Each structure stands twice: as structure tokens, then as C-alpha cells.
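This report refers to the structure that appears directly beneath it.
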Amino acid sequence: MEKTIFRIGLFAIAISALVFNPARADAQMLPMMIPLPTTLIISKPAPGQIYGDKQVVTMGVSGKTYKFVLKDAYVDDPRGIVHWPDIWQLVRQYKPNFNVTGVGEDTFEKMQPGQTLTVRGMFSGNNQTLEVVGTEPGEGRFGPAEHY
């Protein structure tokens, strides 16, 4: 009788260890400590333009915040683990969404309404920094072909 009670107790402990095991949620991202190459295609809205259901991204440059319509974005993660929705989940709660540093910071200030810009940079998830590596007018190599 004592062996039966002992076995039932061990069985209950084993089952509770399986049920109450704090497993890692697959949807949670690993901390992003290494900067990731990220490309954003943004356009500056006209004054008074209504954004509607368009995704809006804010960029902080030298203490000023600029608001843009996000046309497209992607991450060139060599591991294939981090994608744009992961980064957006991380930065969407902050104002500005990105702290911009690097080459061509003044490009954001010089953009004209309606202009589209492709921004290539390195994103660091530690402090929402996007270090701009280069900018290119238009939608870059993925934009529609121009006819002359």
C-alpha cells in the first residue's frame, strides 16, 4: 500500500513538472544585439494629407521628428530569423520609431512632399537606432521601371 501511494506521488510530481514547465514562447524574439541590414521605402506626405490606413513611421533626427508613410520595408537578416514585422513590433511603441544616425541624416529634412526615398541602414534593437548607410531617390531597384 505504501509503495502504491509513493508511486502515485511520484507520478503526480512528474505530471505537474510537465504541465507547469515554463516553456519559451515561439513568438517572442531573441534580443537583437547585432545590427541588422534594413531597408525602408518611405514617402513624405503632402501637408494636410490624410494617412488613412497607411502605415506611418516616425524618424528622429538630431532632436527633430519627421513623419513618413511607409511604402515597404524588409530586413536582410542572413540567418533568416528576423523579418520586418518583428522589428515593427519592437519600435512601434516608441516616438520616434527610429533614432536616425549616420550618412545623410539631413536627407529626411530635405525631402519634398510626395517624394519617395529608399533608405538603407543598420538597425539596432537595443535603442531603436537606424544608422543610415545610404539613401536613394525613388523606390530603389524594386520600384517600377522607368521608360524614357
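The values are calculated or read from the model by the stated rules, or taken from the named source; none is laboratory data. Here the structure is a predicted model, which means the values were calculated and not measured. Heavy atoms of the whole protein, side chains included, go into the accessibility calculation; ligands, DNA and RNA do not. Shrake-Rupley method; radii C 1.70, N 1.55, O 1.52, S 1.80 Å.
How much of residue 74 can a 1.4 Å solvent probe reach, expressed as accessible area in Å² and rounded to 10?
Result for residue 74: roughly 50 Å² accessible.
What are the residues whose amide H is under 5 Å from the amide H of residue 56, where those residues sit 5 or more places off or on another chain and H is modelled from the backbone?
Amide H neighbours of residue 56: 70.
Pull out the extension gain between residue 109 and residue 2, defined as 0.36 nm times the separation in residues minus the alpha carbon to alpha carbon distance; nm, one decimal.
30.6 nm
Calculate the all-directions average of the projected area of the range 53-98's alpha-carbon convex hull, and give it in nm². Intermediate results must be reported in sequence, preceding the final value.
Values: hull surface 15.3 nm².
Computed as one quarter of the Cα hull surface, the answer is 3.8 nm².
With θ set to phi - 60° and the Karplus curve 6.51 cos²θ - 1.76 cosθ + 1.60, what are the ³J(HN,Hα) couplings of the range 116-126 in order, to the nearest whole Hz, using x for Gly and Pro?
10, 9, 9, 10, 10, x, 10, 9, 10, x, 5
For residue 101, list long-range residues whose amide hydrogen, built 1.01 Å from N in the peptide plane, is under 5 Å from its own amide hydrogen.
Distant-sequence amide H within range of residue 101: 130, 131, 132.
How long are the semi-axes of the equivalent ellipsoid of the range 47-148, taking √(5λ) for every eigenvalue λ of the Cα gyration tensor, in whole Å from largest down? All intermediate terms of the calculation are to be shown ahead of the outcome.
Numbers: eigenvalues 85, 65, 45 Å².
Gyration-tensor ellipsoid for the range 47-148: 21, 18, 15 Å.
Round to the nearest 10 and report in Å² the accessible area of residue 76, as given by a 1.4 Å probe over the protein chains' heavy atoms.
So the heavy atoms of residue 76 present about 80 Å² to solvent.
Leaving out same-chain residues fewer than 8 places away, which lysines sit with a Cα under 22 Å from that of residue 67?
Straight-line reach from residue 67, under 22 Å: 44, 54, 95, 110.
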